[in-house]
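Reviewing the structure listed below.
The values are calculated or read from the model by the stated rules, or taken from the named source; none is laboratory data. Not measured: the values here are computed from a predicted model. Neighbour counts run over all protein chains shown; Cβ positions are idealised from the backbone, glycine included. SASA here: full protein model, heavy atoms, side chains in, ligands and nucleic acids out. Shrake-Rupley method; radii C 1.70, N 1.55, O 1.52, S 1.80 Å.
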Amino acid sequence: MLQKLHWFAGPCSIESSEQWAEVSGALLKLGVDTLRGGIFKMRTRPESFQGLREEGIKLILEAKRKQGFQFISEVSTPQQVELMAPIVDIFQIGSRSMYAYELLKEVAKYPQPVFLKRAFSATLEEWLGAADYCRANDSNKEVWMCERGVRGFDENFRNMLDVNAIAYIAQETPYNAVVDASHATGRSQYIEAGTLAGIAAGATGVMVEVHPNPSQALSDADQAVSIETFASLKTKADLLFEHIRSGL
Ligand code: PEP
Ligand code: MN
């Protein structure tokens, strides 16, 4: 078990250099380990914001030059893997791409760890099979297994957080389990509850979408939490993890 929780936080999408400067500065001060931010977005509707794309890559290159930080972002095609390799420290595979085996084989060629989101209908066997593709027989390759909610039947929530899956990954596999209550609940006021439940189940990583002005977010606005809300959530989650780790 990791000695401390690993935090992945940032906006759903990188929208502008001002938004990135504000949110990244605040999150680094709060002790976030890896900043997230979508650059090539996988959206349900083609008319929705698709990410800053090449402009976003330049923005992160520039930002990293000014202040070093660890960065994670989603790739959904082999071409994006090549474009993003110079700026990402961890490749994120999105829920919609977990079954894209040629993409998984491509990320396996790079030294960066992989953050593998569970497809919203994937069995644990399918998810673990995808992890094997990402490792390509390299047992030292780091893979983070992110539970981000499976498709449920209740329309109040975007998805349903599967805490069983987190416990299974934590207890039965060599991987670190990550809880992403942002996509699992889809509603900002439930993200703290989902995060704490995930940690209680064995998660050693947490992903949260944070926006300096949540209602204005260009993607996933309903689940974006403010920097202040994130700070309070993080304090509680770190305390819970510390209690569990010390066996209290
Ligand atoms: C995301 O992290 O912004 C995202 C699109 O997540 P998922 O692939 O879990 O839907
Ligand atoms: Mn999102």
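For the chain, give the share of DSSP beta bridges that are antiparallel, in percent and rounded to the nearest 5; count only bridges with both residues there. All intermediate terms of the calculation are to be shown ahead of the outcome.
Details: 1 of 30 bridges.
Given both bridge residues lie in the chain, the antiparallel proportion sits at roughly 5 percent.
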message = What does the C-alpha gyration tensor say about the overall shape of region 34-118? Classify as rounded when a/c is under 1.5, otherwise prolate if a/b is larger than b/c, or oblate.
response = oblate
ask   = Shape call for region 1-40 from the C-alpha gyration tensor, a ≥ b ≥ c root eigenvalues: rounded (a/c under 1.5), prolate (a/b greater than b/c) or oblate?
value = oblate
Integer Hz, Karplus 6.51/-1.76/1.60 couplings in order for region 142-153, x for Gly and Pro = 7, 10, 9, 9, 9, 8, 10, x, 10, 5, x, 10
note = Mean projected area, convex hull of alpha-carbon positions in the chain, reported to one decimal in nm², is 12.6
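Just flag the GluC sites (Glu not before Pro) in region 1-58 sitting in loop per DSSP whose Cβ has no more than 15 other Cβ atoms within 10 Å.
Details: sites: Glu15, Glu18, Glu22, Glu47, Glu54, Glu55; in loops: Glu15, Glu47.
Answer by residue number: Glu47.
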ask   = So what J values fall out for region 60-68 if you push phi through Karplus, 6.51 cos²θ - 1.76 cosθ + 1.60 with θ = phi - 60°, rounded to Hz, Gly and Pro as x?
value = 6, 4, 5, 4, 5, 5, 6, 8, x
query = So which GluC sites (Glu not before Pro) in region 109-193 are both in a DSSP loop and have at most 13 other Cβ atoms within 10 Å of their Cβ?
reply = Glu155
task = May I ask you to evaluate 6.51 cos²θ - 1.76 cosθ + 1.60, the Karplus curve with θ = phi - 60°, for each residue of region 28-42 and list the ³J(HN,Hα) values in order in whole Hz, giving x for glycine and proline?
result = 5, 5, 7, x, 5, 7, 10, 7, 10, x, x, 10, 10, 9, 9
ask   = According to the Cα gyration tensor, what semi-axes, each the square root of 5 times an eigenvalue, does the equivalent ellipsoid of region 126-185 have, listed from largest to smallest in whole Å?
value = 25, 11, 9
ask   = Given H placed 1.01 Å from N in the peptide plane, which residues other than close sequence neighbours of Gln70 have an amide H under 5 Å from its amide H?
value = Leu35
query = Ignoring ligands, DNA and RNA, what percent of the accessible area of region 96-248 is carbon or sulfur (1.4 Å)?
reply = 50
note = Among the Cα-Cα pairs of region 12-159, the proportion with separation greater than 20 Å, in percent, is 50
query = How much accessible area per residue does the chain have, in Å², with a 1.4 Å probe?
reply = 45
remark   = Any residue on another chain or 5+ positions along whose placed amide H is under 5 Å from the amide H of Gly38 is listed here as Ser13, Ile14
message = Using the Cα atoms of region 97-220, I'd like the radius of gyration and the largest Cα-Cα distance, Dmax, both in angstrom.
response = 14.7, 44
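Of the heavy-atom accessible surface of region 40-91 (probe 1.4 angstrom), what whole percent is carbon and sulfur?
Heavy-atom surface of region 40-91 belonging to carbon and sulfur, 1.4 Å probe: 49 percent.
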